[in-house]
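A short reminder: the numbers here are calculations on the coordinates, not readings from a lab. Please read all numbers here as calculations on a predicted model, not as lab measurements. Glycine gets a Cβ as well: all are built from the backbone with ideal geometry, and neighbour counts include every protein chain shown.
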Amino acid sequence: MEPLNTNRQNPIHMQHLIVSAVQNPAFTFDEEYGGAFVGCWIKDRTEDEAFTVAKEWLATSGWIVKSLEKQRAVSKFDYQCGEDGGQQYEQALEDGEVYVFHAWPRRPE
C-alpha cells in the first residue's frame, strides 16, 4: 500500500484520499459492516504523511486499511466546479483532517 505518486517530499496544501477498509474484528461495534470506502481530506502533509495519518486515524477508530484507491491534491477550485466534497474540504481547512465513510452491510454467512 504505497501512495500513488512518486513525488513524496513536499507538503501538499490539501489532499483527498480514498481508502478501502474493513472493521477490525478485535473492536466492538454497534453495527458490523462488510467494509467501507473512506474519503479522507488531509491538510499540509506530504503524500506519505497523509496516507500514514489516515491509516493511523482509521486504526484507532477500529478499521484496517486494505488499499489506497486514490490520492490527489485538491484545491478550492475543484469544488467550485461542482465536484462533491466542498464541505469536507472547508472543514479540513479548519481541522486539518476530515473522514467520510461510505460503508456497506455485512453479507450473511
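Okay, here's what the table says:
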quantity: From the coordinates shown, semi-axes √(5λ) of the Cα gyration tensor in Å corresponds to which of [x] 25, 16, 12; [y] 19, 16, 13; [z] 100, 9, 6; calculated: [x]
quantity: Label-point gap, in nm, between Ser75 and Phe27 - each point 7 angstrom along Cα→Cβ; calculated: 3.5 nm
quantity: Rounded to 10°, Cα long-axis angle of helix 86-95 versus longest principal axis of the chain; calculated: 80 degrees
quantity: Mean residue ellipticity (222 nm) of the chain, computed from DSSP H runs ≥ 4 via -39,500 (n - 2.57), nearest 500; calculated: -7500 deg cm²/dmol
quantity: Per-residue Cβ neighbour rank within 10 angstrom, fewest leading, Lys43, Lys76; calculated: Lys76, Lys43
quantity: Cross-link reach list, lysines versus Lys66, counting only Cα pairs under 16 Å and skipping chain neighbours closer than eight places; calculated: Lys55
quantity: Two-site FRET efficiency, Asp44 against Trp104, from Cβ-Cβ distance with R₀ of 30 Å, rounded to 0.05; calculated: 0.40
